[in-house]
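One structure is given here, and the rest of the page talks about it.
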Amino acid sequence: MSSSRRITPRSVRRALRRGVVVDPAAALEPQVAGRSGQKHLGIRLPDAATLRALSWVSPDVWQGHSLTVQISNFTPPAPGWRPRVPAIGRLASFDIDHDAEGHCITFTLTLTEPTSLPEFAQALAPLAEPLPSRLAGARAAIGVEAPDPPTQAPTLLAIPDPEGGDTSDPTVPPWDLVADLGEIAQPTSDSIARVRLRSIRPLIDLSVHNPIGRPPFKPNRTATIRRTQDALQITRSGSRGNAGAIVLPLRSAVTRQNVVALHALAATLDCSDLALQADDDAPHLSARLAELAATGVICHSAPLPATESLDPRLAEMVRAPGPAQDVLVIEGELRSVRQRRRALQAHSLAARWFAPTDPLAPPPLTAAPEVSVVLATKRPENLADVLRALAAESYPRMEILVGIHGDGDAPDPALLNEWAGGRGLRAARFAASATLGEILGRLSDLADGQLIAKVDDDDLYGPHHLADLVLAQAYSRADAVGLALWHRHFVAANLSTAARRRVSEVYTHFVPGGTLTATRQILSEIGGWRPVPRSVDRALLQRILRMGGLVYRTHGFGYVYCRHLTGHTWNPDESAIIAKTGDRWDGLAPVQVETASSFDPATCRLAPQARPTVVYQRPKP
């Protein structure tokens, strides 16, 4: 490809040396002011999230032909990840240099025409972090009523149509939506979706404030957060002085670097010292609490004034006392899951996905993704239980597609719909000669949803199963997601178990087949499910990973893998599996699917009848 300007290591170094260092992105505009005459601008950024935030700055800040961006704290989300290279118009040349040892990556993009800084940012952002494909083509603008860029950049990139819309046709506007930060009394009368980002509740950024990388719960990993003038300081409990302390600004958002440091520091956070020192402190303290709760670190003992702007259910959770000294690991994990779920669902721009009628939730930037549940079965007698479980799911947008495999008797369609509780259900029969992969492929072809969720007819599912998968896909931006295999029920032994190691919230190569949920886009790109009789889940994951896609594993609540003596495509010795498990229950363990009567809603302390009959004690080294 011809280039109007040759990129050389010397020109890159010169651009960075003469450029600006942006940390955080809100400090960009005053630093770039006066550089409008420079055709080549160099910017150093602390992380990929800050690059995405640049898409919200004013187009008038800088325009030029070439931009060099260096991200100083860059780590790919998973080994083998291949970023999706966006279609870039007016391209003259492009260069990328990844220093894996130094955790640094540098992009230099040169275009044939003067281009604004936010347009450069939109082109480069998908190369630095995975972004949701359903938002990639959206065009957005900051509304004219908005005097300042948002303090937190949502995942949507705010970029105008490069052509400025069809000026000869007034019905074709240059924007797909206008994100207004000011208070607007009436919606616009045109066809543009107008979204108010100002919200009664604090807003968090799903791509920043999330539990990705959170380590397993350990009761002794505790910390305290205190107010110090215009900042918040987090210190490990029992530490001397301020060694290893994390300092958060009170009036600006928690950064991804802060989240990573917090995960390394603590599992629980005592918030009892969050005192108000000024009349306008309360909303800022509530915003920081919402962001911290979304990370999976258990926030507790917060004073009432600091929680006034929070969702009521989340406020109750963070005001509750801390875990007891004899807290079980399963209690700590459950409390973390329920608290971060509530923070992510109630305080993000995806809030209306989960509660469409909530008057206090901000309007979503995109419609809630529909989930198509695909279920292939040779055991129609199992359909009543699994369809009733799906009917109880809290996620509102879903449909169910059932493939009945073989020539046996099938339930009456009216009965299937009754079990599904009015959810959209379609059923089809498949010959006994059809493979499991062929059936799943056909059901996926018939599906309407953006997410395809596979369920098994003999496993147990909780009411938040699908909602948690949708949420995990939203903040991980992975091509496929699934729950962790924490919980098993052995039918013949009438025994339930929990895993010894509860590793979750990681990019991975494996998720249980009964929870595997993939985007429609990735299924189309890799050719769908392989037509194999068994190991169909592993075959799909291998295809995704070989193409450089991402697979993400969230927590393990809301799913119980049920083992029978026969009928499985994977058949290891059952006694060997039981010997390697942790906590054990006689019979079913309701807490594993979050049955409400099995624990306290605020502290997640298990009810006496729900506690394990055998608590696993890890041997001391």
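In the stretch 441-472, what residues are open to solvent by 30 Å² or more (accessible area, probe 1.4 Å) and in contact with a Gly (Cβ under 6 Å, 6 or more places away or on another chain)? Within the stretch 441-472, Asp456, His464 qualify. When Ala293, Ala266, Ala223 are checked against the criterion of being small (Gly, Ala, Ser) and over 25 Å from Asp468 (Cα atoms), Ala223 stands alone in meeting it.
Listed here are the residues, each with its yes/no results for (1) of a type outside the set (Val, Ile, Thr); (2) over 14 Å from the mean Cα position of the chain (by Cα).
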| position | (1), (2) |
| --- | --- |
| Asp448 | yes, yes |
| Asp457 | yes, yes |
| Leu469 | yes, no |
| Ser476 | yes, no |
| Trp486 | yes, yes |
| Val511 | no, yes |
| Leu523 | yes, yes |
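Would you please name the residue that is farthest from Leu446 (Cα to Cα), looking only at residues in the stretch 363-380 that are of a type in the set (Ser, Thr, Tyr) and at pLDDT 90 or above?
Checked the stretch 363-380; the qualifying residue farthest from Leu446 (Cα to Cα) is Thr377.
Taking every residue in the stretch 270-292 that is open to solvent by 60 Å² or more (accessible area, probe 1.4 Å) and pairing it with any residue that is part of a helix (DSSP H, G or I), at least 6 positions away or on another chain, the pairs with Cβ-Cβ distances below 8 Å are Leu276/Ala282; Leu276/Leu285; Leu276/Pro305; Leu276/Ala306. The residue pairs whose first member lies in the stretch 77-89 and is over 22 Å from His103 (Cβ atoms), whose second member is at pLDDT below 70, and whose beta carbons are closer than 9 Å, counting only pairs six or more residues apart or on different chains, are Pro86/Ala136; Gly89/Pro162. Looking at the stretch 293-318, which of the residues that are touching a residue at least 24 places away in the same chain (Cβ under 8 Å), in a helix (DSSP H, G or I) and touching a helix residue (DSSP H, G or I) at 6+ places or on another chain (Cβ under 7 Å) is most open to solvent (accessible area, probe 1.4 Å)? Applying the filter and picking the extreme gives Arg313. Candidates Arg335, Arg340, Arg319, Arg352: the one that is farther than 30 Å from Pro612 by Cα and basic (Lys, Arg) is Arg352. The set of residues from the stretch 580-614 being among the hydroxyl-bearing types (Ser, Thr, Tyr) and over 26 Å from Ala320 (Cα atoms) comprises Thr581, Thr613.
Evaluation of Leu451 against the conditions (1) within 30 Å of Glu331 (Cα to Cα); (2) at pLDDT 95 or above shows that the sole unmet condition is (1).
When the test is whether a residue is at pLDDT below 85 and either touching a strand residue (DSSP E or B) at 6+ places or on another chain (Cβ under 6 Å) or open to solvent by 40 Å² or more (accessible area, probe 1.4 Å) (or both), Gly80 passes it. Screening the stretch 587-601 for residues that are open to solvent by 10 Å² or more (accessible area, probe 1.4 Å) and within 25 Å of the chain's Cα centre (by Cα) and picking the one that is farthest from Tyr559 (Cα to Cα) gives Pro601. Restricting attention to the stretch 332-391, the residues being in contact (Cβ under 8 Å) with a residue 24 or more places away in the chain, among the hydrophobic types (A, V, I, L, M, F, W, C), open to solvent by 10 Å² or more (accessible area, probe 1.4 Å) and not in a strand (DSSP E or B) number 9. Looking at Glu418, Glu438, Glu399, just one residue is open to solvent by 10 Å² or more (accessible area, probe 1.4 Å), under 27 Å from Leu206 (Cα atoms) and either free of Cβ contacts under 8 Å to residues at least 60 places away in the same chain or not in a loop (DSSP other than H, G, I, E, B) (or both), and that residue is Glu399. In summary, Gln257 fulfils each of the numbered conditions (1) open to solvent by less than 50 Å² (accessible area, probe 1.4 Å); (2) not in a loop (DSSP other than H, G, I, E, B) with the single exception of condition (1). State yes or no: is Arg429 in a strand (DSSP E or B) and surrounded by fewer than 20 Cβ atoms within 10 Å (Cβ to Cβ)? Yes. None of Pro590, Pro612 is in contact with a helix residue (DSSP H, G or I) (Cβ under 6 Å, 6 or more places away or on another chain) and modelled with pLDDT under 95 except Pro590. On the stretch given as the stretch 52-71, residues that are out of contact with any Asp or Glu (no Cβ under 8 Å at 6 or more places or on another chain) and at pLDDT below 85 total 6. Return yes when Arg502 is in contact with an Asp or Glu (Cβ under 9 Å, 6 or more places away or on another chain), charged (D, E, K, R) and within 23 Å of Tyr559 (Cα to Cα) and no when it is not. Yes: the conditions hold for Arg502. Just one of the numbered conditions (1) of a type outside the set (D, E, K, R); (2) modelled with pLDDT of 80 or more; (3) not in a loop (DSSP other than H, G, I, E, B) is not true of Ala27: (2).
The values are calculated or read from the model by the stated rules, or taken from the named source; none is laboratory data. Here the structure is a predicted model, which means the values were calculated and not measured. Positions of Cβ are backbone-derived with ideal geometry, glycine not excepted, and every protein chain shown enters the neighbour counts. Keep in mind that these areas ignore ligands, DNA and RNA; they rest on the heavy atoms of the full protein, side chains included. Shrake-Rupley method; radii C 1.70, N 1.55, O 1.52, S 1.80 Å.
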